[in-house]
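Worksheet for the structure shown next.
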Amino acid sequence: MKTVNMVEKGQKGEEDPSVTVFREYLRIKTVQPNPDYESAVTFLQRIAGELDLQFQCIRKDNGEVTVVILSWEGSDPSLPSIMLNSHMDVVPVFPEHWTYEPFSAHKTENGNIYARGSQDMKCVGIQYIEAIRKLKIQGVTLARTLHVTFVPDEEIGGVKGMREFVKLDEFKAMNVGFALDEGLANPTDAFKIYYGERVTWWVKITCRGPPGHGSRFIEGSAAEKMCKVVQSMHAFREEQKKRLDSNPELRLGDVTTVNWTVSEGGVQPNVVPSEMSSGYIFLLSQAHLVKRAPQHRLLALSNVDTHINANYYISQLVCML
């Protein structure tokens, strides 16, 4: 058996090795829309070697990464396995709003670490790794096989990562019986237990109408139609906000949130565009999964039906009002 590279704690005045590994991971720029997954794969392959874990990187035919899997085989591989999942990618950054460079993993004197991904969710991936490192140095043997998975593109819907991975024979062969994924970071020793989960629904609405010069009154323009969409979405948002504010027994997870996140359209200030789009993110409460109120509201704006998936799903509506 290979000796596991493990130092329990740094010497006095030195950084804990687990923190060093964490900061190294944070410095890898897996930032959307152009994430450096190859550097992350190389990093994880090295970690797998240090911990004597099986390493597998599943790719598409074009070379794109679908998932990286680090596996610790149990004493009874026939048992359903455990899967610990995290995502490699992080959301875009605006450096001008940061005190420290977003990918420097700067650590202050009091131990705070500043970097994109430090919470969402590279910290969790490293926690998986360091927990395994500690268990191995202690000589622990697990009965079940443990798989640590690292997926790409979660921040933009998981379409090329997890959605494709679960269709593969490699996933079925893992025989997953229990899985953990993203949670809520907690600085104290209190651990919150959640009994429900809202469903993410990304919607892109496109409105089309006659184009023309900005000096004219153009009826039925794309912008005019988009105003109806925005007003309807805002009204629904206000309904949900008032419902939450008026009932102290409700929590954020009991209502549906909707936010306007993307706008597209127009070529120059004096031209009325023929097409405009807006993107919304819904977090659907369990009640709305049953009642389908957000879907009905969208259908009132368009005759095009929509589909909602229990995972991430990007729906597109074309409004022909």
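Just so it is clear, none of the values below were taken in a lab; they were calculated from the coordinates. Everything quoted here is computed from the prediction, not taken from an experiment. Because the Cβ atoms are built from the backbone with ideal geometry, glycine has one as well, and the counts that use them run over all protein chains shown.
Can you give the FRET efficiency to the nearest 0.05 for GLN45 and ALA143, using r as the Cβ-Cβ distance and R₀ = 25 Å? Calculated transfer efficiency: 0.40. For HIS87, the residues whose modelled amide H falls within less than 5 Å of its own, excluding neighbours fewer than 5 places apart on the same chain, are MET121, VAL151. FRET efficiency for the pair ASP52 and TRP98, taken as 1/(1 + (r/R0)^6) with r the Cβ-Cβ distance and R0 = 41 Å, rounds to 0.60.
Look at THR256, THR20, THR206 and count the other Cβ atoms within 10 Å of each Cβ; fewest to most, that gives THR20, THR206, THR256. As a length-normalised measure over Cα pairs under 8 Å and 6 or more apart, the relative contact order of the chain settles at 17 percent.
Helix 37-50 and the longest principal axis of the C-alpha atoms of the chain enclose an angle of approximately 20°. Going by a ≥ b ≥ c, the root eigenvalues of the Cα gyration tensor, does segment 113-155 fall in the rounded group (a/c under 1.5), the prolate group (a/b larger than b/c) or the oblate group? Since a/c reaches 1.5 but b/c is at least a/b, the shape of segment 113-155 is classed as oblate. Here the extension length gained between GLU15 and LYS172 equals 52.5 nm, from 0.36 nm per residue of separation less the Cα-Cα distance.
For segment 40-148, GluC sites (Glu not before Pro) are listed when DSSP marks them as loop and at most 11 other Cβ atoms sit within 10 Å of their Cβ; the list is GLU109. Each residue of segment 68-77 was assigned a 3J(HN,Hα) from its phi angle through the Karplus curve 6.51 cos²θ - 1.76 cosθ + 1.60 (θ = phi - 60°); the sequence is 10, 10, 10, 10, 10, 5, x, 6, 10, x Hz, with glycine and proline shown as x. With the helix formula -39500 (n - 2.57) applied to DSSP H stretches of n ≥ 4, the chain reaches a computed 222 nm mean residue ellipticity of -8500 deg cm²/dmol.
When the Cα positions of ILE193, VAL159, ASN175 are compared along the charge dipole of segment 158-204, VAL159 comes out farthest toward the positive end, with charges on each C-beta of Lys, Arg, Asp and Glu.
Restricting attention to segment 56-152, which trypsin sites (Lys or Arg not before Pro) occupy a DSSP loop and are surrounded by at most 11 other Cβ atoms within 10 Å? In loop regions of segment 56-152 (DSSP not H, G, I, E or B), the sparsely surrounded trypsin sites (Lys or Arg not before Pro) are LYS60.
Per-residue extension of 0.36 nm, minus the Cα-Cα distance of LEU252 and ALA179, leaves a gain of 23.8 nm for this segment.
The mean sequence distance of close C-alpha pairs (under 8 Å, at least 6 residues apart), as a share of the length of segment 50-104, puts its relative contact order at 21 percent.
The value given for segment 138-287 is a Kirkwood hydrodynamic radius of 20.1 Å, derived from the mean inverse Cα-Cα separation. In sequence order, segment 132-148 has phi-based couplings of 5, 4, 5, 4, 5, 5, 7, x, 6, 10, 8, 6, 8, 6, 10, 10, 9 Hz under the Karplus curve 6.51 cos²θ - 1.76 cosθ + 1.60, θ = phi - 60°, and Gly or Pro positions carry x. Among the trypsin sites (Lys or Arg not before Pro) in segment 145-233, those placed in a DSSP loop whose Cβ has at most 15 other Cβ atoms within 10 Å are LYS167, LYS192, ARG216. Footprinting exposure proxy ranking of VAL159, VAL151, VAL124, fewest other C-beta atoms within 10 angstrom first, gives VAL159, VAL124, VAL151. Rounded, prolate or oblate for segment 32-175? Axes are the square roots of the Cα gyration tensor eigenvalues, ordered a ≥ b ≥ c, and the cut-off for rounded is a/c under 1.5. Oblate, since a/c reaches 1.5 and b/c is not below a/b.
Think of each Lys and Arg Cβ as +1 and each Asp and Glu Cβ as -1; about the Cα centre, that makes the dipole of the chain roughly 640 debye.
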